[in-house]
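Trainee: Structure incoming, see below.
The values are calculated or read from the model by the stated rules, or taken from the named source; none is laboratory data. Since this is a predicted model, take the numbers as computed values, not measurements. Positions of Cβ are generated from backbone atoms using ideal geometry, with glycine treated the same way; all protein chains shown enter the neighbour counts.
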Amino acid sequence: MIRAVFLDIDNTLLSFSGYVRQTMRAGFQRFGLPPYEEAMFPVFERINNALWLRIERGELTFEELQKIRWDLIFRELGIAFDGPVFEAYFRDQLHVSAIPEPHARELLAYLSEKYILCAASNGPYEQQLNRLRLGGMYDCFRHFFISSRFGVQKPDAAFFDCCFRELREDGLDGLTPAQTVIIGDSMTSDMAGGIGYGMHTCLYCPDGRAPSAQGVEHIVTSLEQIREFL
């Protein structure tokens, strides 16, 4: 029987991709850069995903990512601009960004009536909490498991050790990974971490693409589908 549900934030509950497009468009205009074009987004996505994969592997820190991310992106786009300056703008705007994924609020309202909900995210603690507040989602959660608070990232087992320790201290004595499910959009972070820890798993892929989804129990293209098994 499922007792607790872990939910990723970015591109699961809140649209990080939508935020990036919005902020690149506004930021490029603000700093007098070439106008944003949709073909620029895949460049951001590829470089950003590669950097986060290095963080998940322990090869890079979040602080190091912030120093190099936009320099790498601008270099590939052929734009001459100070990457750290744009990074500071990017992060300031992210702190107040809350673009919901379709049906996210409805799903949380439904799940919160049945399970203990836990936000499980790699990112800065205060930023992620503020975005959940702005998105009208904060009150649905009982626990906020954010990597900067623990000092370790998903999919590291140590991240989940911290989560389960806190849940058990909160009165869920005897809680096992088999009594939990993790919902997220990342195979390398959410699904790999959940599978490795013995949790049930649900991959959210609204574009319908789920490469290398081996071992994942549920794959959904809409958050509405989660009601079918939870």
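Trainee: Pairs needed: first member in the stretch 70-99, over 19 Å from GLY18 (Cα atoms); second member anywhere, assigned to a helix (DSSP H, G or I) and of a type in the set (Val, Ile, Thr); C-beta distance under 8 Å; at least 6 residues apart or different chains.
Mentor: LEU72/ILE47; GLU76/VAL43; GLU76/ILE47; LEU77/VAL43; GLY83/ILE68; GLY83/ILE73
Trainee: With respect to the numbered conditions (1) of a type in the set (Val, Ile, Thr); (2) over 19 Å from SER147 (Cα atoms); (3) in contact with a helix residue (DSSP H, G or I) (Cβ under 6 Å, 6 or more places away or on another chain), which one is the sole condition not fulfilled by VAL85?
Mentor: Evaluating VAL85 over (1) of a type in the set (Val, Ile, Thr); (2) over 19 Å from SER147 (Cα atoms); (3) in contact with a helix residue (DSSP H, G or I) (Cβ under 6 Å, 6 or more places away or on another chain) leaves (3) as the failure.
Trainee: Of the residues ASP71, ASP8, which single one is among the acidic types (Asp, Glu) and either touching a Phe, Trp or Tyr at 6+ places or on another chain (Cβ under 6 Å) or under 30 Å from LYS114 (Cβ atoms) (or both)?
Mentor: Every option except ASP8 fails the conditions.
Trainee: Note down all Cβ pairs under 6 Å where the first residue falls in the stretch 181-201 and is over 14 Å from ARG3 (Cα atoms), the second is of a type in the set (Lys, Arg) and crowded, with 24+ Cβ neighbours inside 10 Å, and they're at least six residues apart or on different chains.
Mentor: Filtered contacts from the stretch 181-201: SER189/LYS154; GLY193/LYS154.
Trainee: On to the next question. Answer yes or no: is there a residue in the stretch 39-62 that is among the aromatic types (Phe, Trp, Tyr), at pLDDT below 95 and either over 29 Å from GLY194 (Cβ atoms) or touching a strand residue (DSSP E or B) at 6+ places or on another chain (Cβ under 8 Å) (or both).
Mentor: No, because not a single residue in the stretch 39-62 is among the aromatic types (Phe, Trp, Tyr), at pLDDT below 95 and either over 29 Å from GLY194 (Cβ atoms) or touching a strand residue (DSSP E or B) at 6+ places or on another chain (Cβ under 8 Å) (or both).
Trainee: In addition: Just to be sure, is THR221 closer than 16 Å to GLU101 by Cα and in contact with a Phe, Trp or Tyr (Cβ under 9 Å, 6 or more places away or on another chain)?
Mentor: Here the answer is yes, as THR221 does meet what is asked.
Trainee: Moving on to the next point. For GLY151, which of the numbered conditions (1) of a type outside the set (Ser, Thr, Tyr); (2) touching a residue at least 60 places away in the same chain (Cβ under 8 Å); (3) under 27 Å from GLU59 (Cα atoms) fails to hold?
Mentor: Just one mismatch for GLY151, condition (2).
Trainee: Oh, and also: Can you tell me which residue in the stretch 168-186 is nearest to the chain's Cα centre (by Cα), limited to those that are surrounded by fewer than 21 Cβ atoms within 10 Å (Cβ to Cβ) and hydrophobic (A, V, I, L, M, F, W, C)?
Mentor: ALA178
Trainee: Condition first: under 24 Å from VAL20 (Cβ atoms) and in contact with a His (Cβ under 6 Å, 6 or more places away or on another chain). Can you find one or more residues in the stretch 118-129 that meet it?
Mentor: Yes, there is a match, as at least one residue in the stretch 118-129 is under 24 Å from VAL20 (Cβ atoms) and in contact with a His (Cβ under 6 Å, 6 or more places away or on another chain).
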